[in-house]
Every structure is written in C-alpha cells, then in structure tokens.
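So the structure is just underneath, and the comments pick up after that.
The values are calculated or read from the model by the stated rules, or taken from the named source; none is laboratory data. Quick caveat, the model's predicted, so the values are computed rather than measured. Note that we place each Cβ from the backbone using ideal geometry, even for glycine, and neighbour counts take in every protein chain shown.
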Amino acid sequence: MKEKFQEQIKRVAEKLSEEDNILIVSHHDADGITACAIMVDLLHKLGKDVEFRVIKQLDSININKVKNSDRTVVFTDMGSGQLDMLMEHRDKIGNFYVIDHHPPAGRYDMQVNPHFFGYDGGRDVSGAGLAYFVAKALGHKEMAHLAIVGAVGDMQDSDGRLHSLNRIILDDGIKQGTMKVKHDLRLFGRQSRALPRMLMYASDPVLPGLVGNEASSVSFLEDLGIDLRRESGELKSYVDLTIDERRELTSALYILLLDAGTPEYIIQGMIGEVYTLLKERKRTELRDAKEFATLLNSCGRQEVPEVGVKVCLGDRDKGWKNAKDTLQHYRKKLREGLEFLSTLKKKEMENFYYFDAEGRIEESIIGVIAGMGYGARKFPPDKPVLALADDRDNPDMLKVSSRANRDLVRKGIHLGRAMNENSQLVGGEGGGHDIAAGARIPRERRDEFLALVDKMFKKQLSR
C-alpha cells in the first residue's frame, strides 16, 4: 500500500478512536453490511457505545434518518459521492467520518477513499476492505475474512481473482488461518447445494440443457461416472468431489458451453479463484465467500440488513436461521424476476440494452436481475444493460440499475459516471462503479435520461 494512503488511514483511524458515542451508517448490500460489521466489531473492542443503521442509499430522503442522532456518524460504503449533500446538512448531522471506495465528489479531512491515492475503488478495494484497513491501523485484524466477503459481493473478483489492496487483506486472512484460496469452478452453490441443483440453478453462466431441469442435471453427472451420494445417503455437494471428479466435471461443462456457442470470455469466467472461510461449517452458505455475500445481499434487499450484520458478528442461532429463511425467499424472487425477464422483448438504444420491470420486479433486486440477464444470455455482452423499476418511496420517480462486464469497461464504459452526471441533468441523483451503478430519476424525464446516457456511452467508447 502506498505510504501516503497508509498515513491517511492511520490518521482517520486514530481520530475515530477518540470518539465515544458513534452511529455507523452503511449500504444495504453485502459490501456495506460487512463494512458495517467490521466497524461495529472494532468499536465494541475499543469500548465505544455503538449503534448502526443500514440503508439502501444515501439520498435526499434517507439523509433525514441520520440527522439529529446526537452521535458521531461514520458512513461506510457510502458518503464520498454525497459529500456535497452531507456538508449541506452538516449542522443537523454533526461530526462525521466517511470510509468509502466510490468515486468522491470532493475532499474532506475525515475521509478514507482510495481514489485520491491512485487506486480504483471498483477493483482494488471494497468498502469492507477500507473498514478493515481502519481496524488494522488500530491493531485489529480479526475480520479479514469479512472484508473478502465484501469484495466478492462487490464483484471485485469478476475477472477470476482479487487484485491490489484486496490481495493484502486476503494474505492476512490466510496467515490467520481464516481463509483459503484455490483455483476451481466458481459456480454458485459449491458448498451448500446438492450437485444437480448447483447445475440446474446456475446463472453465471446459465448451463444450456441443464437449466431448470433436475433430471437432465442428474443424467449429465451420472454420464460422467460421478456418484451423487455420500456414504450417509445424502446428495453430494461439489466440495465433496475428488480432484479428478472436479476436473472431469469442469471439462464437461466447458465443452457443453462451447458447443452451445457461449462466448469464450464467459466460459473462462466460470473458472478462477474461490475463497473458503475455514472457520465456518462445511456445506453451509457461510463457508464460501460468494455464497456468504449472496446471503448478506438477500438480507439487505429483503429489508432485514440487521440480520446480516448479526450473522457477520457471529450469530449462528436465531440470526443464522432468519438469514437462511430470508435467502430462500430472495432466491424465489430472483427466479420469478428472471422468468418475467424472459417474457420481455429486448429493447435497445445505439449503445445499450434496457428493460422496464413494469412493476413486476422490485427495485431492491432489479440490478441483480439485470446482471443475471447477461448470464442467461437474454442480453448479448456487447453493450451495457439498464433496468428500470418503480421507486417505492416516490411514485413520480424511477429507479435505474445498470450493469456492464469487464470487456466493456476495458473499452471505456464507466457506468458510475454515466449514472451520476446524467441523473443530475434531469433532476435526479446517482452514482456507483464502472461495472455496476444506479440512479433515481423523475419518471417523466425517463426518455431524456436514456438519450443522455446513450450519448455519453458513445463518447466513452470512442476514446
């Protein structure tokens, strides 16, 4: 890590350690929930009085939940892009800190943000990672595994591995004995799903001929000579397979996708680093970083983020049960959303695809569905995807979620800038990373916004 960045982290961390009554305010996705948990854990260990609040976004509506708290406020995984608004309301917010990896709107003395030091917050470090570095600066490195879950939840391993500052955190976790990394199949459900279900519910990528078909998935595995049951009679998970069986299955899936005309870069993305949390029970969602992140996302998007924070802090009783129930409900909604998406006719502008959820998909999961549309090949990978959903808080507004892929980002696409700048031009607000971002815009100015985004994407791709 660059020395000047280390110095800034240490300076903010030491100043924060002098505060007493603290309110953590964080984003409701996996990265925000893990960042919140890391800070709560740190401040409890420092003997501080801590409360936390997890919100879906820091905007002109939710800022009211932070005002007049009579506590020092610490924003994690949010705040840098909303500095102007925070400063505008500072008399009601009071003393505050920002620990965020999103592109900053400006400088602020009590802010930790990697962009000022030449790091990319969409790839090099997550919000949870920054929270971890603040904790580490004060002598607490116990939550490295949670920071990795946050990074994976933020798709910072989307090209198959973690990079840069995330690597420092991963090394800490490995040295502590809480993490293991290996090169393997990255399909969701490696730990917690029975093998046939891992294949039939795969969405990144979708497996042709196996998707939604348990009988075909069972036959596919049996044709490879894989015994599907453990000695106890229970169905095996992927992690129960021998090394040779894993290689055989991976090769067969590669050929299946190749024969179906799947783009090579999508197939390659199926293989890469997988991150195992060694202190968690085998064959549970908490054992695998990707599954852990999905569990936390389900809590946030089903409006029980506090359950996710409790699980991160070690609740394996009531909180763990509630989280698993929430995950089941979340998966059901995702399946329904993807099924609805499959009925829609693809719409497109010159430089992006888009769809309107028409009230059928909740704003809390619309971005996830947009990303799954890539994996399900509903949308070709040559353009970004924008998804429009009703804004639950205001019927006059629309929620916009956008998704891209690494190839598009390499060509110049930056969704965060497009969402931020163009939403402001139509009287809305937005922001995010190059590969995933969102906005809220007036419903009546939808077409104007889409035209502005199309124009900006064209400019980004022509550089």
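Selection of the range 307-332 for residues being within 12 Å of residue 28 (Cα to Cα) and either surrounded by fewer than 17 Cβ atoms within 10 Å (Cβ to Cβ) or within 14 Å of the chain's Cα centre (by Cα) (or both) yields only 308.
The lone criterion from (1) more than 17 Å from the chain's Cα centre (by Cα); (2) at pLDDT 90 or above; (3) not aliphatic (A, V, I, L, M) left unmet by residue 462 is number (2). In the range 336-373, the qualifying residues are those that are touching a residue at least 60 places away in the same chain (Cβ under 8 Å) and not in a loop (DSSP other than H, G, I, E, B), and the one that is farthest from residue 301 (Cα to Cα) is 354. Inspection of the range 33-47 finds no residue satisfying the criterion of being surrounded by 15 or more Cβ atoms within 10 Å (Cβ to Cβ), polar (S, T, N, Q) and more than 29 Å from residue 167 (Cα to Cα). The set of residues in the range 418-463 being of a type in the set (Gly, Ala, Ser), over 21 Å from residue 59 (Cα atoms) and assigned to a helix (DSSP H, G or I) consists of 451 alone.
Among the residues of the range 410-436, those identified as in contact with a Lys or Arg (Cβ under 8 Å, 6 or more places away or on another chain) and under 19 Å from residue 398 (Cβ atoms) are 415, 423, 426, 427, 428, 429, 430, 436. Exactly one residue among 78, 87, 39 is hydrophobic (A, V, I, L, M, F, W, C) and over 24 Å from the mean Cα position of the chain (by Cα), and that residue is 87. Scanning the range 149-167 for residues that are in contact (Cβ under 8 Å) with a residue 40 or more places away in the chain and either within 13 Å of the chain's Cα centre (by Cα) or over 27 Å from residue 205 (Cβ atoms) (or both) yields 149, 150, 151, 152, 153, 154, 155, 157, 158, 165.
Residue 286 meets each of the listed conditions (1) in a helix (DSSP H, G or I); (2) within 30 Å of residue 147 (Cα to Cα); (3) modelled with pLDDT under 95; (4) not charged (D, E, K, R) apart from (3). In the set 162, 199, which member is at pLDDT 90 or above, buried (at least 22 other Cβ atoms within 10 Å of the Cβ) and under 18 Å from residue 334 (Cα atoms)? Being at pLDDT 90 or above, buried (at least 22 other Cβ atoms within 10 Å of the Cβ) and under 18 Å from residue 334 (Cα atoms) holds for just one of 162, 199, which is 199.
Would you be able to say whether some residue in the range 134-143 is crowded, with 24+ Cβ neighbours inside 10 Å and of a type outside the set (A, V, I, L, M)? Within the range 134-143, not a single residue is crowded, with 24+ Cβ neighbours inside 10 Å and of a type outside the set (A, V, I, L, M). Might you let me know whether the range 91-105 holds any residue that is assigned by TED's automatic domain parsing to the domain that holds residue 20, buried (at least 24 other Cβ atoms within 10 Å of the Cβ), hydroxyl-bearing (Ser, Thr, Tyr) and in a helix (DSSP H, G or I)? No - not one qualifying residue is present in the range 91-105. Selection of first residues in the range 423-445 that are at pLDDT 90 or above and of second residues that are among the aromatic types (Phe, Trp, Tyr), restricted to Cβ pairs under 9 Å at least 6 apart or on distinct chains, gives the following pairs, ordered by first then second residue: 423/449; 425/449; 426/449; 428/449; 439/449; 441/449; 442/449. Residue 146 - would you say it is touching a residue at least 60 places away in the same chain (Cβ under 8 Å) and surrounded by fewer than 24 Cβ atoms within 10 Å (Cβ to Cβ)? The answer is no for residue 146.
Counting only helices (runs of 4 or more DSSP H) wholly contained in the range 123-213, the ones carrying 3 or more residues that are out of contact with any Phe, Trp or Tyr (no Cβ under 7 Å at 6 or more places or on another chain) and within 25 Å of residue 283 (Cβ to Cβ) occupy 144-153, 164-176, 195-200. Search the range 247-283 for residues being of a type in the set (Gly, Ala, Ser) and in a helix (DSSP H, G or I), and hand back the single one that is surrounded by the fewest Cβ atoms within 10 Å (Cβ to Cβ). Step by step, filter the range 247-283, then rank; the result is 251. With respect to residue 131, is the statement that it is surrounded by 21 or more Cβ atoms within 10 Å (Cβ to Cβ), under 22 Å from residue 417 (Cα atoms) and either in contact with a Cys (Cβ under 6 Å, 6 or more places away or on another chain) or aliphatic (A, V, I, L, M) (or both) true? For residue 131, the condition - surrounded by 21 or more Cβ atoms within 10 Å (Cβ to Cβ), under 22 Å from residue 417 (Cα atoms) and either in contact with a Cys (Cβ under 6 Å, 6 or more places away or on another chain) or aliphatic (A, V, I, L, M) (or both) - is not met. Residues in the range 206-246 that are out of contact with any helix residue (DSSP H, G or I) (no Cβ under 8 Å at 6 or more places or on another chain), surrounded by fewer than 16 Cβ atoms within 10 Å (Cβ to Cβ) and closer than 18 Å to residue 193 by Cβ: 215, 219, 222, 227, 229, 232, 233, 234.
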